[in-house]
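Undergrad: This is the structure, below, for whatever I ask next.
The values are calculated or read from the model by the stated rules, or taken from the named source; none is laboratory data. All values derive from a computational prediction rather than experimental measurement. Cβ coordinates were reconstructed from backbone atoms using ideal geometry, including for glycine residues, and neighbour counts include every protein chain displayed.
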Amino acid sequence: MTRSPLTLHLAAPRGFCAGVDRAIRIVELALEKWGAPIYVRHEIVHNRTVVDALRAKGAVFVEEVHEAPADRPIVFSAHGVARSVPEEAAARNMIQVDATCPLVTKVHIEAARHHAEGLQLVMIGHTGHPETVGTMGQLPPGEVLLVEDVADVARLEVRDPDRLAFVTQTTLSVDDTADIVAALQARFPAISGPAREDICYATTNRQMAVKAMAPSCDAILVVGAPNSSNSRRLVEVARKAGCPYAQLIQTAAEIDWRALEGVRSLGLTAGASAPEELVNEVIDACRLRHDVTVRPVVTAEENIEFKVPRILREPA
């Protein structure tokens, strides 16, 4: 049987970012230092394959601090947590290991600085996302107002329009966030904000790679979890950039091959919490059905590395 040709545009950068790599390493080092079980509040990153692999090594995932025994270490996820979470762990005399991405920590520091200056904060983010919950939880209730889109900006009720600042969730769409920031600045000309939006370099780079390959692709597959914000944004970016069809898949088993019938040019990328092994599985699945030619689409080089917390660099 003759297999039809398929050009596979492979985005780079894709997959793990420095923050995700660091978070996974933190759990592994904690297991080495203190032995199993190690407790992790919330999924360390939003990927089932990663979580299952760490669970097999002895990590136990819980939703709240009180679900973990007080005599075992607890790790906080890469998304960051509200200030009340480490306070609860401290009250129980637990060993704490913070795996919050340093770029999220930067947003937390910005929020605290604005609050200290007497400014009310506007956060651009998604309701209920762990990063948004963690950032809003850095300040007292009512001090952070959440907006998800331009329409929310028009409905904002602020304490003082001349005493405002904004921060953003790190995993948003670059273009959508720019529109929201423009709306905030139009309505509140005195609003303060970062020199650049807080969207992380990895989110930006992955979206730029998708934009670059979208016009050449009949379809794009994004490897990532449905609860991964940056992965979902990649699907949206692909569609807005002109790709007729974009699908989010967790593994190769979820590919909708009927939707890909007739596709001769396929784009492939992965969210920042998706391991490369899942990308390779998709490539292998394509090769079973097609005569595949892989064409890398490289739009940036990444060589950033974040240090693990000091508590893991010290002797037990």
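Undergrad: The conditions are (1) surrounded by fewer than 22 Cβ atoms within 10 Å (Cβ to Cβ); (2) assigned to a loop (DSSP other than H, G, I, E, B), and Thr171 fails exactly one of them. Which is it?
TA: Going through (1) surrounded by fewer than 22 Cβ atoms within 10 Å (Cβ to Cβ); (2) assigned to a loop (DSSP other than H, G, I, E, B) one by one, Thr171 breaks only (1).
Undergrad: Assigned to a loop (DSSP other than H, G, I, E, B), of a type in the set (Ser, Thr, Tyr), surrounded by 17 or more Cβ atoms within 10 Å (Cβ to Cβ) and touching a Phe, Trp or Tyr at 6+ places or on another chain (Cβ under 9 Å): does that describe Thr100?
TA: Details: assigned to a loop (DSSP other than H, G, I, E, B): yes; of a type in the set (Ser, Thr, Tyr): yes; surrounded by 17 or more Cβ atoms within 10 Å (Cβ to Cβ): yes; touching a Phe, Trp or Tyr at 6+ places or on another chain (Cβ under 9 Å): yes.
Yes: the conditions hold for Thr100.
Undergrad: Next question. Restricted to region 192-204, and to residues that are out of contact with any Ser or Thr (no Cβ under 7 Å at 6 or more places or on another chain) and surrounded by fewer than 24 Cβ atoms within 10 Å (Cβ to Cβ), which residue is nearest to Ser173 (Cα to Cα)? Spell out how you get there, then give the answer.
TA: Residues of region 192-204 that are out of contact with any Ser or Thr (no Cβ under 7 Å at 6 or more places or on another chain), as a first pass: 192-196, 201-202, 204.
From what's left, surrounded by fewer than 24 Cβ atoms within 10 Å (Cβ to Cβ): 192-196, 201, 204.
Numbers: Ser192: 21, Gly193: 17, Pro194: 17, Ala195: 17, Arg196: 14, Tyr201: 12, Thr204: 8 Å.
Per the stated criteria, the residue is Thr204.
Undergrad: Restricting attention to region 5-21, report how many residues are in a helix (DSSP H, G or I) and surrounded by fewer than 21 Cβ atoms within 10 Å (Cβ to Cβ). Break it down stepwise before answering.
TA: So the first thing to find is which residues in region 5-21 are in a helix (DSSP H, G or I), and the list is 18-21.
Filter again for surrounded by fewer than 21 Cβ atoms within 10 Å (Cβ to Cβ), leaving 18, 21.
Residues that pass the stated criteria total 2.
Undergrad: Output the residue which, of all residues in region 39-95 that are part of a helix (DSSP H, G or I), of a type in the set (Gly, Ala, Ser) and more than 20 Å from the chain's Cα centre (by Cα), is surrounded by the fewest Cβ atoms within 10 Å (Cβ to Cβ).
TA: Filtering region 39-95 down to residues part of a helix (DSSP H, G or I) leaves 48-57, 65-67, 84-91.
Among the residues that remain, those that are also of a type in the set (Gly, Ala, Ser) are: 53, 56, 84, 89-91.
With the extra rule that they be more than 20 Å from the chain's Cα centre (by Cα), the set shrinks to 56, 84, 89-91.
Working: Ala56: 8, Ser84: 11, Ala89: 22, Ala90: 11, Ala91: 10.
The extreme case among them is Ala56.
Undergrad: Is there any pair linking a residue in region 148-159 that is without any contact (Cβ under 8 Å) to a residue 12 or more places away in the chain to one that is surrounded by fewer than 12 Cβ atoms within 10 Å (Cβ to Cβ), with Cβ under 8 Å and at least six apart or on different chains, and which?
TA: Here the result reads none, with nothing in region 148-159 linked to a residue that is surrounded by fewer than 12 Cβ atoms within 10 Å (Cβ to Cβ).
Undergrad: On the basis of being modelled with pLDDT of 95 or more and buried (at least 21 other Cβ atoms within 10 Å of the Cβ), does Val158 make the cut? Break it down stepwise before answering.
TA: Working: modelled with pLDDT of 95 or more: yes; buried (at least 21 other Cβ atoms within 10 Å of the Cβ): no.
The answer is no for Val158.
Undergrad: Pull out all pairs, ordered by first then second residue, where Cβ-Cβ is under 8 Å, the residues are six or more apart or on different chains, the first lies in region 58-75 and is at positive phi and assigned by TED's automatic domain parsing to the domain that holds Gln96, and the second is outside any loop (DSSP other than H, G, I, E, B) and of a type in the set (Val, Ile, Thr).
TA: Here the result reads Gly58/Ile38, each pair linking region 58-75 to a residue that is outside any loop (DSSP other than H, G, I, E, B) and of a type in the set (Val, Ile, Thr).
Undergrad: Can you find even one residue in region 12-20 that is more than 26 Å from Ile283 (Cα to Cα) and β-branched (Val, Ile, Thr)? If you could, list the steps in order and put the result at the bottom.
TA: Residues of region 12-20 that are more than 26 Å from Ile283 (Cα to Cα), as a first pass: none.
No, the conditions are met nowhere in region 12-20.
Undergrad: Of all residues in region 297-311 being touching a strand residue (DSSP E or B) at 6+ places or on another chain (Cβ under 9 Å) and surrounded by fewer than 13 Cβ atoms within 10 Å (Cβ to Cβ), which is nearest to Leu6 (Cα to Cα)?
TA: My answer is Val298.
Undergrad: Shifting gears a bit: Filter region 174-203 down to the residues that are in a loop (DSSP other than H, G, I, E, B) and at pLDDT 95 or above, then identify the one that is nearest to Ile109 (Cα to Cα). Give the steps one after another, and end with the answer.
TA: Quick first cut of region 174-203, residues in a loop (DSSP other than H, G, I, E, B) only: 188-191, 193-200.
Now restrict to residues that are at pLDDT 95 or above: 188-191.
On the way: Phe188: 23, Pro189: 23, Ala190: 21, Ile191: 18 Å.
The selected residue is Ile191.
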